[in-house]
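A short write-up of the structure that comes next.
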Amino acid sequence: FLADDAAVVADRSHARGSYWMNFRSFDYRMLLTGGLEPPHIAGWFRSDWWLKFWTNFRFGALPTADVDLDGCWRDPARTVYFGSSEARGVQVLGAELETARARIFLRPQFAHAFDLHATRAGGAETAQGWFKRRADSVTRELARFEYDLAGNLAPEAVRHLGGAAAETLLQGWSFNRPPRIAFRGHSDYAAGKATPELEFEGQAEGGLSYQGFPLEAVETRGRVQGDR
């Protein structure tokens, strides 16, 4: 079966494209472009892995997307999603962003967001990079998070995006201008606890302080390993 001009509406999501299906094997493929709010198409997936990935995102305006979705209706483990998306007024891990765009590859218990680019403060603050998220195939709980991110976002946004590791890096610092920070590495998760291992670089100027001690500029490089 092939519908080469198909329209999809799910709540406020809408898209046009094509839908192909093999009635004997139940394999399918969708090629869609339009405005898609990811949680609203959760019914296409037979387990909760899709919703779990998007719990870290909140959308204001409807994000636009161009997606390729294929799999087998009888075997949800074979689902593969690949698409590009752009959003305005989005919240990621609690960080408020004005614009965000990315290409994303998803399959059950694995996600890779690459070509990430985000802006804040009228474009004066930017961030770019990629991340991978892996979940345990049995418990489906987060097992590993890898990333390579850089930018000059305000510290409050970096704390949201970087979690405990970013909080460690920024503790005691205050800035007149957002610093430029790059950090790459991974965190392993077990029993609900994260063990980070990362390398970081940072530059700041225009006035700042550490533990109340004033500085004009600073440049640093270092590493975080677990609690060290």
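The values are calculated or read from the model by the stated rules, or taken from the named source; none is laboratory data. Since we're looking at a predicted model, the values are computed, not measured. Quick reminder, even Gly has a Cβ in these numbers, built from the backbone with ideal geometry, and neighbours come from all protein chains shown. Ligands, DNA and RNA are excluded from the accessible area calculation, which covers all protein heavy atoms including side chains. Shrake-Rupley method; radii C 1.70, N 1.55, O 1.52, S 1.80 Å.
Key figures
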{"item": "Flag if Glu201 is within 27 Å of Asp136 (Cα to Cα), modelled with pLDDT of 90 or more and acidic (Asp, Glu)", "result": "no"}
{"item": "Options Glu98, Glu86, Glu146: the member that is in contact (Cβ under 8 Å) with a residue 40 or more places away in the chain and either of a type outside the set (Ser, Thr, Tyr) or in contact with a Leu (Cβ under 9 Å, 6 or more places away or on another chain) (or both)", "result": "Glu146"}
{"item": "When residues of the range 130-139 are limited to those that are touching a residue at least 24 places away in the same chain (Cβ under 8 Å) and not in a loop (DSSP other than H, G, I, E, B), the one nearest to Trp54 (Cα to Cα)", "result": "Arg133"}
{"item": "The range 153-169, residues that are of a type outside the set (A, V, I, L, M, F, W, C) and in contact with a helix residue (DSSP H, G or I) (Cβ under 7 Å, 6 or more places away or on another chain)", "result": "Pro155, Arg159, Glu167"}
{"item": "Any hit, the range 82-92, residues being over 27 Å from Ala135 (Cβ atoms), touching a strand residue (DSSP E or B) at 6+ places or on another chain (Cβ under 6 Å) and among the aromatic types (Phe, Trp, Tyr)", "result": "no"}
{"item": "Options Arg78, Arg107, Arg103; residue that is among the basic types (Lys, Arg), within 29 Å of Asp4 (Cα to Cα) and in contact with a Cys (Cβ under 8 Å, 6 or more places away or on another chain)", "result": "Arg78"}
{"item": "Strands (runs of 3 or more DSSP E) fully within the range 9-84 counting 3 or more residues that are crowded, with 16+ Cβ neighbours inside 10 Å", "result": "13-21, 27-35, 64-72"}
{"item": "Some residue of the range 99-121 being small (Gly, Ala, Ser), modelled with pLDDT of 90 or more and open to solvent by 40 Å² or more (accessible area, probe 1.4 Å)", "result": "yes"}
{"item": "Selection from the range 173-221 of residues that are at positive phi and touching an Asp or Glu at 6+ places or on another chain (Cβ under 9 Å)", "result": "Gly185, Gly192, Gly206, Gly207"}
